[in-house]
4 protein chains.
Amino acid sequence: MALTTEQRVRRAAVKLFASKGFHGTGIRDLAQEAGISSASLYHYMGTKEELLAGIMRECLERLLAGAREVTDDVVDPRQRLASLVALHVLAHARQPAETRVVDNEVHVLSAATRRRIVKLRDAYEQLWGDAIDDGIRQRSFVTAEPAVTRLALLEMCSGVAHWYSPRGPLGLDRLANHYANLALRMLGSAGQDCPEALARARKAVSTVWGTTL
Amino acid sequence: MALTTEQRVRRAAVKLFASKGFHGTGIRDLAQEAGISSASLYHYMGTKEELLAGIMRECLERLLAGAREVTDDVVDPRQRLASLVALHVLAHARQPAETRVVDNEVHVLSAATRRRIVKLRDAYEQLWGDAIDDGIRQRSFVTAEPAVTRLALLEMCSGVAHWYSPRGPLGLDRLANHYANLALRMLGSAGQDCPEALARARKAVSTVWGTTL
Amino acid sequence: MALTTEQRVRRAAVKLFASKGFHGTGIRDLAQEAGISSASLYHYMGTKEELLAGIMRECLERLLAGAREVTDDVVDPRQRLASLVALHVLAHARQPAETRVVDNEVHVLSAATRRRIVKLRDAYEQLWGDAIDDGIRQRSFVTAEPAVTRLALLEMCSGVAHWYSPRGPLGLDRLANHYANLALRMLGSAGQDCPEALARARKAVSTVWGTTL
Amino acid sequence: MALTTEQRVRRAAVKLFASKGFHGTGIRDLAQEAGISSASLYHYMGTKEELLAGIMRECLERLLAGAREVTDDVVDPRQRLASLVALHVLAHARQPAETRVVDNEVHVLSAATRRRIVKLRDAYEQLWGDAIDDGIRQRSFVTAEPAVTRLALLEMCSGVAHWYSPRGPLGLDRLANHYANLALRMLGSAGQDCPEALARARKAVSTVWGTTL
DNA sequence: CATGAATGAGCCTTCATTCAT
DNA sequence: AATGAATGAAGGCTCATTCAT
């Protein structure tokens, strides 16, 4: 099925905001990439900033929905964390443009919009914090600085969007598995593969992003 | 000692490029932050892009010099890696603005300039790769994907610049120590503190950045 | 009786052109005020300028018809002038939007259209000039500068559209009567009320504008 | 002495705002009329609206200063009113562009700016109201509706800016004198010339506007 | 050394208008 | 009859940069 114009605009924005930055992307660049005139752009978006905010919100909502899906009803913190890591890595490897926009362009947003976006991100990170804290409580995890470790994990996983290429030698599954192992090691937990956690993450990514691409 | 005007310009650029992005920072913003007129700015810089490139090059050269200092004549790969991690983390915690500019604004550079900058970064990352590879060869480190692990380590450590605050509860030394432990864990190496590695990193940071701030 | 869409468009234009000016009113403003889409607007009008010209012409034609009605077959110049003043004042008090558009937006029109509009206005003002000149000839009126006095009278009466409010304490009849007295005084003629002149004006306004509002 | 660029900008704005309206005047029109580029325009003004507000405020302040000058220490209300009329007429005949901008473009201003402008205008009109009220109290003036008469007077006099041409047959003095007579007649006061009132007005106009033009 | 003045190019956004459905 | 979609032109304003003083 062909894309709607609105989708083409959204995709153009994601691509250009990711590669050239929000301020580095002109409205004419967007129009050209979307294949319409710059005036027509405004049938499918509000302001340029609202377009950005929409992209960010959608991406974060998907990530949050996925994270809830992979952690709901899972009791073992190791399983929860492994799933979160795998989900995050898969998302950043499959949707590097969206996720880079989310990570890099927050400073552009107006104060009010930023608050809403940050709230979503905080809810998402809370799930990571819960898994880590539960693991520590249950002595599955050992770390001197849980909060710092959570940040280190998140930054490590987000970084995937900076370098991963689907054309490289590394498949998505092995990538996600490797990161899950790294994460468990960081938390002092034996790094054995946990295929169920990966399967949950794979499924969640498909659910929230579809099988596009 | 008072700053020279050139230093004030450089600092203004670092601060603003880091917080608002290169394209989000106007020449007038720079002038105001530096306390001079926008025309005077051009006595102390070339074009705006050259100013950016200078900042990036200087930061990367310092990082590279520090990395060489902490690894030269150190044979144990664990010591080398711990020092590299500690140096990187200290640098990103102490100079978050510079390092964020280096990490976020590469896409702005012209092809020729970018090549030179990327070369510096590659040389720097090579030192990490060498330590990891040596560690694997000596069976100090165990990891299925050395290249991926190197990238994961770098992203994890660079992320410090995104959130660390000197006004928070965590001191620089404990921060660096924690990250060194995380790194060794990621490489399957027992996470014991290695105070000599930290000391070398601390010294190197002072050498290349001075004791400013 | 419900308004036709064309009437709604016309009224929207009159209201907005009067309050925000022709160039200050966008096609989308008109559409919103009329309750249709901006594309539909073009079923009921030509260009925006033609819409303006239509409004002006209609208003001036009504004014001119009214003026002819109140002066035809009236011999006494004082009666004629009093009626013209009353008609003009009533029209500007009851139709302030239309009359303000006529008075303020002539400069917008193209040369050709402007000529036609100005011709109508000249014909209308001619009736005032005739009454004044006849009055002078008959020694009913005394003024050193008849032409200037005519302009002063017209401006004074048109000004009513700038400030009169039907919600204020002053009724339309007293308003018109007062202005008729002022006019006669300006022409050196005793300022006694002339109820017949007012009645003629009232009737003419109803004839040309209907009893709407 | 040659005009400063700022003065040229101001004059261009006055001329174009008066002839084409604020919204009908583009920033590029202003630049061309002022003989500079549209970017340079912004060295000499804030926003286009601030330029408008500045023009209005200056004109009204001059008018108010002149009105105070011609009424201060004058006891006879007839003299005061005659001076006010003459001043207003001379101002509108000599500075038709400024005064038309003041009269026609108030709707453009933002609420806050409009308040400040309207306050100035109210102070000015208050002087007219005082003269009329005093005259009535002293039985020099007779009018059934003082407030309406004040408005009629003001509109009549402001109208001069719509039609007066210095290239016409009517000199400024005779014009002002005629309007003073009309005004006194409107107030039921014998219309004899009062040369002192005119002299005061002439002098005040020179004081507040200089002898330019 | 420092800066007001200057500008061509470009910014984001809205304009009035047309047309296929 | 009605309107979403579309656009070239233009809107007000800011950009990075130069230069005479």
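FYI, it's all coordinate maths here, none of it is from the lab. The structure displayed is predicted, hence computed values, not measured ones. Cβ atoms come from the backbone with ideal geometry, glycine included; neighbour counts cover every protein chain shown.
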(Q) Just to be sure I understand: with springs between alpha-carbon atoms less than 10 Å apart, which residue in C:Ser83, C:Ser140, C:Ser38 has the highest mean-square fluctuation in the Gaussian network model of chain C? (A) C:Ser38
Q: Provide the FRET efficiency to the nearest 0.05 for the C:Gln126-C:Asp173 pair, computing r from the beta carbons and using R0 = 30 Å.
A: 0.65
Q: State, to one decimal in nm and shortest first, how far the label point of B:Glu61 sits from each corresponding label point in the other identical copies (label point: 7 angstrom along Cα-to-Cβ).
A: 4.9, 5.5, 8.2
**Q.** Nearest-0.05 FRET efficiency for B:Val142 and B:Ser165, computed from C-beta distance (R0 35 Å)
**A.** 0.50
Q: Find every distance from the label point of C:Ala190 to the corresponding label point in the other copies (7 Å from Cα along Cα→Cβ) and write them in nm, one decimal, shortest first.
A: 1.8, 12.3, 12.7
Q.
Ordered shortest first, which distances in nm separate the 7 Å Cα→C-beta label point of D:Gly35 from those of the other copies?
A. 4.1, 5.3, 5.6
Q. Can you tell which of A:Val70, C:Ala12, C:Phe22 lies farthest toward the positive end of the dipole of the protein assembly as shown, using +1 and -1 charges on the Cβ of basic and acidic side chains (Lys, Arg; Asp, Glu)?
A. C:Phe22
Q | Charge dipole (debye, nearest 20) of region A:48-209; +1 at Cβ of Lys and Arg, -1 at Cβ of Asp and Glu | A | 200
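Magnitude of the Cβ-charge dipole of region B:112-193, K/R +1 and D/E -1, about the Cα centre, nearest 20 debye?
320
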Q. Could you give the Stokes-Einstein D for region C:1-45 in µm² per second, using the C-alpha Kirkwood radius, 37 °C, 0.692 mPa s?
A. 318
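Against the 2.2 N^0.38 Å scaling, with N counting residues, where does region B:128-197 land? I'd like the Cα-based Rg ratio to two decimal places.
On the way: Rg = 13.1 Å, N = 70, 2.2 N^0.38 = 11.1 Å.
Cα Rg divided by the expected 2.2 N^0.38 Å: 1.19.
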Q.
Neighbour counts of other C-beta atoms within 10 Å: give me C:Thr5, D:Thr143, B:Thr211 arranged from fewest to most.
A. B:Thr211, C:Thr5, D:Thr143
Q) Which percent of Cα-Cα pairs in the protein assembly as shown sits in each 20 Å bin, short to long? A) 12, 31, 20, 20, 14, 3, 0
Q: Grab the DSSP H runs of the protein assembly as shown that are 4 residues or longer, score each as -39,500 (n - 2.57), total them, divide by all residues and round the 222 nm result to the nearest 500 deg cm²/dmol.
A: -23000 deg cm²/dmol
Q: Look at the axis of the rotation that sends chain A onto chain C, then give the chain A residue with the nearest Cβ and the distance in whole Å.
A: A:Ala39, 4
Q: Place +1 on the Cβ of every Lys and Arg and -1 on the Cβ of every Asp and Glu in region D:58-209, take the dipole about the Cα centre, and give the residue among D:Leu84, D:Ala204, D:Thr99 whose Cα lies farthest towards its positive end.
A: D:Thr99
Q. Relative contact order for chain D using alpha-carbon pairs under 8 Å, separation at least 6, rounded to a whole percent?
A. 28
(Q) From the alpha carbon gyration tensor of region B:1-123, can you work out the equivalent ellipsoid semi-axes (sqrt of 5 times each eigenvalue) and give them in Å, largest to smallest? (A) 30, 16, 12
Q: Would you please classify the overall shape of chain C from the alpha carbon gyration tensor, given that a ≥ b ≥ c denote the square roots of the eigenvalues, rounded means a/c under 1.5, and beyond that prolate means a/b larger than b/c while oblate covers the rest?
A: prolate
Q | For chain A, built as a Gaussian network whose Cα springs stay under 10 Å, the top-fluctuating residue of A:Arg200, A:Arg62, A:Arg185 | A | A:Arg185
Q: In whole angstrom, note down how far apart the Cα centers of region A:78-117 and region B:104-169 are.
A: 21
Q | C:Gln192 versus D:Asp76: modelled label distance in nm, points set 7 Å from Cα along the beta carbon direction | A | 3.1
Q. Taking 0.36 nm per intervening residue step and subtracting the Cα-Cα distance, what contour gain separates C:Thr4 from C:Glu58 on full extension?
A. 17.7 nm
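So, counting K/R as plus one and D/E as minus one, what does the shell of residues with Cβ under 14 Å around B:Ala34 add up to?
Summing Lys and Arg as +1 and Asp and Glu as -1 gives +3.
At a Förster distance of 30 Å, what's the computed FRET efficiency of D:Gln32 paired with A:Ser110, Cβ-Cβ distance as r, to 0.05?
Computed FRET efficiency for D:Gln32 and A:Ser110: 0.25.
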**Q.** 15 Å beta-carbon shell around C:Glu61, net charge (K/R +1, D/E -1)
**A.** +2
Q. For chain D, modelled as a GNM with alpha-carbon contacts under 10 angstrom, which of D:Leu84, D:Leu198, D:Leu175 fluctuates the most?
A. D:Leu175
